[in-house]
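In what follows, a single structure is set out as structure tokens and then discussed.
The values are calculated or read from the model by the stated rules, or taken from the named source; none is laboratory data. These numbers were taken from a predicted model, which means no experiment stands behind them. Every residue, glycine as well, gets a Cβ built from its backbone with ideal geometry; the counts of neighbours run over all protein chains shown. Quick note on the areas: whole protein, heavy atoms, side chains included, nothing else; ligands and nucleic acids left out. Shrake-Rupley method; radii C 1.70, N 1.55, O 1.52, S 1.80 Å.
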Amino acid sequence: QVQLVESGGGLVQPGGSLRLSCAASRTIFIMTRMGWYRQAPGKQRELVATVTSGGSTNYADSVKGRFTISRGGARNTVYLQMNGLKPEDTAVYYCNADGPSGQHWGQGTQVTVSS
């Protein structure tokens, strides 16, 4: 069973920055696509950003120009650099990975943007 371990969430003031990390373990396969989704209270889970093993990226319009997704040098790692954070970015952020055995989700990490 593929396991995704996330880190990097927390409390930050508006305009601040955070960096989320996610690593997939218990697999010998390269995840073809990794990404981040988020879910705010009372709302549906939504796409934030994804990146393929080839480096192609996709962003939600609401985060373009502020967030940057990247694959790490280590196998099956992904990062989300979040700059210019806004209160509306407050949510639980989930790591997602697509691979030969299907789609996998992390447990989620809380990001709170508040003064």
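Annotations
- Among the protein heavy atoms of the chain, carbon and sulfur supply 47% of the accessible surface, probe 1.4 Å, non-protein parts ignored.
- Sites Gln44 and Ser115 - FRET efficiency at Förster radius 25 Å, r taken between beta-carbons, to 0.05: 0.40
- Accessible surface, per residue, of the chain when the full set of protein chains is kept, probe 1.4 Å, Å²: 52 Å²
- Counted residue by residue at 0.36 nm each, then reduced by the alpha carbon distance between them, the extension gain from Ser7 to Arg66 reaches 19.3 nm.
- Exposed loop sites here are trypsin sites (Lys or Arg not before Pro) assigned a DSSP state other than H, G, I, E or B and surrounded by at most 11 other beta carbons within 10 Å; excluding them, the longest clear run of the chain is 65-115.
- Taking the centroid of alpha carbons for each part, the stretch 14-35 and the stretch 44-115 are 7 Å apart.
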